[in-house]
Amino acid sequence: MTPAYLDPRTGRLFPLATPRWRSDDGNPLLLTPLPGISRMEIDRDVRSLWRYRRALPFGPEVAPITMGEGCTPLIERRLDGVRALLKLEWFAPTGSFKDRGASVMLSGLRAQGVTAVLEDSSGNGGAAIAAYAAAGGMRAKILVPAATSPAKIVQMKAHGAEIERVPGSRQDCAEAALRQAERVFYASHNWHPFFLHGTKTLAYELWEDLGFRAPDNVIIPCGAGSNVLGCEIGFGELLRAGAIARIPRLFAVQPANVAPIVAAFLAGRDEPVPCEIGPTIAEGTAIAQPIRLHEVLGALRASEGGAVAVTEAEIEAALFALARIGIYVEPTCASAAAALAKLHASGTIGAEETTVLVLTGTGLKATPRIAELMGMTL
């Protein structure tokens, strides 16, 4: 079956040849299910996520925009006596996992004839879109919350992107992008399904890393949920292909100050529930109104995983605990280590299970914030 855009809320299909970022009803899109691949279909001559090209929704006519993204290290450590496999996604070209989605999304859009894109981001997504647009000869405009880390804004501007600072919250930034989407193609990492097919390569890569087995658990920092949904899509394809026996349990982690997915999950609901929203050091997951809430909750439940909220103090403690063993991450992904401690303490995860922590971005991106936590003035 030829891949198509799918509105999962209505079942309506749209042809893949025409660029679009949402359905006619204004809903976020997925793609129709793909069959997955076997280990024999991996292109081992390619050292990037494009080694899994046969699992992507594009034919050979699509020229990849690639800078070697993917193939990130997976290292084993013990955190408070618990075995953990740390997936070091900041080894990506721009320093975060968002490069996976940016490479695949912009490759597909360029093949559709898109030459200029709009994105909104608290930092890492914007940096990835700016970099891959530059690499692909495309123009990019990035809207960022005014409080975004200066290091991330500098990175975007260095790639030649037009930057607009939006006063207010991360949600205010997203709403400003929607207003501008009539004038330039909205290549949002939160809205566009091609981005999810970039993040799904994390699942394929973990499968290959582990000797073509699925882990027991994957703990994922979660704002809008692109890594959660990517893992569901990727491991789901591997299951359909007969390459794994089951999908790992997926656990979404959010800061307690901005935890709409956790609140809905714990309430057993499929729609937003009231929850407090406040400032957090985990800026990359500070999304108060995730547009794919229903789909993310479905992925967590289908995998028999869960959702965990961690406090600011727990995030900070995990950040420095990782740093003390040589792992320097931004606060957003330190939340995964904080969640592991809580999941183990509750008996949800065993100490010797194969548990992957997705560490999404380098601490270098959050230097001012980490310096502030250490009482340093830069």
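Listed values, structure above:
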{"read-out": "Accessible area in square angstrom per residue, the chain, 1.4 angstrom probe", "value": "38"}
{"read-out": "The stretch 250-321, relative contact order in percent, only Cα pairs under 8 angstrom and at least six apart counted", "value": "46"}
{"read-out": "Accessible surface of the stretch 1-111, 1.4 Å probe, proportion on carbon and sulfur as whole %", "value": "50"}
{"read-out": "Contact order normalised by residue count of the chain, Cα under 8 Å, 6+ apart, percent", "value": "17"}
{"read-out": "Charge tally in the Cβ shell below 12 Å around THR355, where Lys, Arg are +1 and Asp, Glu are -1, THR355 excluded", "value": "+1"}
{"read-out": "The stretch 232-305-the stretch 5-44 distance, computed between alpha-carbon centres (Å)", "value": "20"}
{"read-out": "Solvent-accessible area of LEU378 with every protein chain in place, 1.4 Å probe, in Å² to the nearest 10", "value": "140"}
{"read-out": "Longest to shortest principal axis, alpha-carbon extents of the chain, angstrom", "value": "49, 48, 42"}
{"read-out": "Sequence-distant lysines (8 or more away, or on other chains) whose Cα lies within less than 16 Å of LYS87", "value": "LYS98, LYS200"}
{"read-out": "Positive-end residue of HIS189, VAL62, LEU300, charge dipole of the chain with Cβ unit charges", "value": "VAL62"}
{"read-out": "Cut-off 11 Å between beta-carbons: net charge of the residues surrounding PRO60, Lys and Arg +1, Asp and Glu -1", "value": "+1"}
{"read-out": "Candidates per trypsin sites (Lys or Arg not before Pro) in the stretch 297-349, loop by DSSP, up to 15 other Cβ within 10 Å", "value": "ARG324"}
{"read-out": "Cα→Cβ-extended label distance, 7 Å offset, between ARG44 and ALA288, nm", "value": "5.2"}
{"read-out": "Rh by Kirkwood over Cα pairs, then Stokes-Einstein D for the stretch 86-146 at 1.002 mPa s and 20 °C, µm²/s", "value": "183"}
{"read-out": "Charge dipole (debye, nearest 20) of the chain; +1 at Cβ of Lys and Arg, -1 at Cβ of Asp and Glu", "value": "580"}
{"read-out": "Size of electric dipole in the stretch 50-178: Cβ of Lys, Arg +1 and of Asp, Glu -1, about Cα centre, debye, nearest 20", "value": "400"}
{"read-out": "Gyration tensor verdict on the stretch 39-124 (Cα atoms; rounded if a/c is under 1.5, prolate if a/b is larger than b/c, oblate otherwise)", "value": "oblate"}
{"read-out": "Within the chain, helix-based [θ] at 222 nm, where runs of 4 or more DSSP H residues each add -39,500 (n - 2.57), nearest 500", "value": "-10500 deg cm²/dmol"}
{"read-out": "Inter-part distance where the stretch 306-378 and the stretch 88-167 are each reduced to a Cα centre, Å", "value": "24"}
{"read-out": "Nearest-10 value in Å² for the accessible area of SER121, using the 1.4 Å probe", "value": "0"}
{"read-out": "Sparse-neighbour loop sites [GluC sites (Glu not before Pro); the stretch 121-221; at most 10 other C-beta within 10 Å; DSSP]", "value": "GLU182"}
{"read-out": "Relative contact order, percent, the stretch 95-231 [alpha-carbon distance under 8 Å, six or more residues apart]", "value": "27"}
{"read-out": "Cα→Cβ-extended label distance, 7 Å offset, between ARG139 and LEU239, nm", "value": "4.4"}
{"read-out": "Unit charges on C-beta of K, R, D, E only; dipole of the stretch 118-203, Debye", "value": "160"}
{"read-out": "Heavy-atom accessible area ranking, 1.4 Å probe, most first, across ARG22, ARG100, ARG54", "value": "ARG54, ARG22, ARG100"}
{"read-out": "Potential extension, LEU210-THR2 segment - 0.36 nm per residue separation minus Cα distance", "value": "71.8 nm"}
{"read-out": "Whole-percent carbon and sulfur share, accessible surface of the stretch 186-273, 1.4 Å", "value": "51"}
{"read-out": "Coil-residue GluC sites (Glu not before Pro) of the stretch 36-110, DSSP, other Cβ within 10 Å capped at 13", "value": "GLU61"}
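The values are calculated or read from the model by the stated rules, or taken from the named source; none is laboratory data. What you see is a predicted model, and the numbers here were worked out from it, not measured in a lab. We place every Cβ from the backbone using ideal geometry, glycine too, and count neighbours over all the protein chains shown. Just so you know, the surface numbers come from the protein's heavy atoms only, side chains and all, with ligands and any DNA or RNA stripped out. Shrake-Rupley method; radii C 1.70, N 1.55, O 1.52, S 1.80 Å.
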